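The values are calculated or read from the model by the stated rules, or taken from the named source; none is laboratory data. Remember, predicted model here, so these are calculated numbers, not experimental data. Virtual Cβ from ideal backbone geometry, glycine too; neighbours counted across all protein chains shown. These accessible areas exclude ligands, DNA and RNA; they are computed on the full protein's heavy atoms, side chains included. Shrake-Rupley method; radii C 1.70, N 1.55, O 1.52, S 1.80 Å.
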Amino acid sequence: MTQRVLAVDDEVHMLRLLERIISEKTPYSIVTTNSSLEVPKLLEKERFDLILTDLKMPGMDGLDILRTVKEQDRDEEIIILTAFGSLDTAMEALTHDVFDYITKPFKKEQILHTVNKAMRWQRLKREAAATAALFEREPYAEAERSFQAEYLRRLADRCGDDPAKMAQRSGLPEAVVAEARAGTGGEGR
């Protein structure tokens, strides 16, 4: 599943720059808006992994967006971009668990590094939640099936979905690997 970015800035040229950087240099998809007042509607309809937002905008500012996401207990990480950086705004953003706070002008590499770091963090959080959910499954037979499906999905990622290679690396008979993969639509999910 492609990870998704929402970029919010009232300056259209900044949105184009962010869109170009994300589209050309990362595997992530990006949605942009130059109206911060559209953000609540977008969040109602869609899930994102990351929100890049300007700090100072008419309507909702970046801290308002950060507060909205945190109050709704959403998973999106927030990176605030600003040309008006101050210790007070940085401290307020940090108290609301902003992922990062970047001052403009910024280097393309800084954005790429921070976005990639946020996306890795998102993947790790989701993986931890999925692993924790395996231990909540009952009865045991259901938990065991779920574990096997997840194990084989991850093994398939490492082995290029080659059943013979998966059998060799896992120590499971190839017939068991093939049967388990077929029982899950060939994806282990």
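Residues checked against (1) farther than 24 Å from LEU42 by Cα; (2) open to solvent by less than 50 Å² (accessible area, probe 1.4 Å); (3) part of a helix (DSSP H, G or I); (4) in contact with a helix residue (DSSP H, G or I) (Cβ under 9 Å, 6 or more places away or on another chain):
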| position | (1), (2), (3), (4) |
| --- | --- |
| ILE80 | no, yes, no, yes |
| PRO105 | yes, no, no, no |
| ILE111 | no, yes, yes, yes |
| LEU152 | yes, yes, yes, yes |
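Got a number for residues in region 40-50 being aliphatic (A, V, I, L, M) and out of contact with any strand residue (DSSP E or B) (no Cβ under 6 Å at 6 or more places or on another chain)?
Going residue by residue through region 40-50, those that are aliphatic (A, V, I, L, M) are 42-43, 50.
Pick out the ones that are also out of contact with any strand residue (DSSP E or B) (no Cβ under 6 Å at 6 or more places or on another chain) and you get 42-43.
Number of matching residues: 2.
Among the residues of region 125-150, those that are open to solvent by less than 100 Å² (accessible area, probe 1.4 Å), farther than 26 Å from VAL5 by Cα, within 24 Å of the chain's Cα centre (by Cα) and not hydrophobic (A, V, I, L, M, F, W, C) comprise SER146, GLU150.
On inspection, GLU71 qualifies as open to solvent by 40 Å² or more (accessible area, probe 1.4 Å), free of Cβ contacts under 8 Å to residues at least 12 places away in the same chain and within 15 Å of VAL98 (Cβ to Cβ). Filter region 44-56 down to residues that are outside any strand (DSSP E or B), crowded, with 18+ Cβ neighbours inside 10 Å and modelled with pLDDT of 95 or more, then give me how many there are. Number of matching residues: 2. Restricting attention to region 57-78, the residues being among the acidic types (Asp, Glu) and in a loop (DSSP other than H, G, I, E, B) number 4.
Quick check, is GLN122 part of a helix (DSSP H, G or I), surrounded by 12 or more Cβ atoms within 10 Å (Cβ to Cβ) and touching a strand residue (DSSP E or B) at 6+ places or on another chain (Cβ under 9 Å)? First the steps, then the outcome.
Numbers: part of a helix (DSSP H, G or I): yes; surrounded by 12 or more Cβ atoms within 10 Å (Cβ to Cβ): yes; touching a strand residue (DSSP E or B) at 6+ places or on another chain (Cβ under 9 Å): yes.
So GLN122 passes the test.
Just checking, which of GLU142, GLU138 is free of Cβ contacts under 8 Å to residues at least 60 places away in the same chain and in a helix (DSSP H, G or I)?
On the way: GLU138 fails: in a helix (DSSP H, G or I).
Only one candidate passes the filter, namely GLU142.
Residues in region 15-37 that are part of a helix (DSSP H, G or I), touching a residue at least 24 places away in the same chain (Cβ under 8 Å) and open to solvent by 20 Å² or more (accessible area, probe 1.4 Å): LYS25 alone.
Of all residues in region 82-103, those satisfying the criterion of being assigned to a loop (DSSP other than H, G, I, E, B), over 18 Å from ALA7 (Cβ atoms) and either touching a His at 6+ places or on another chain (Cβ under 8 Å) or open to solvent by less than 70 Å² (accessible area, probe 1.4 Å) (or both) are GLY85, SER86, HIS96.
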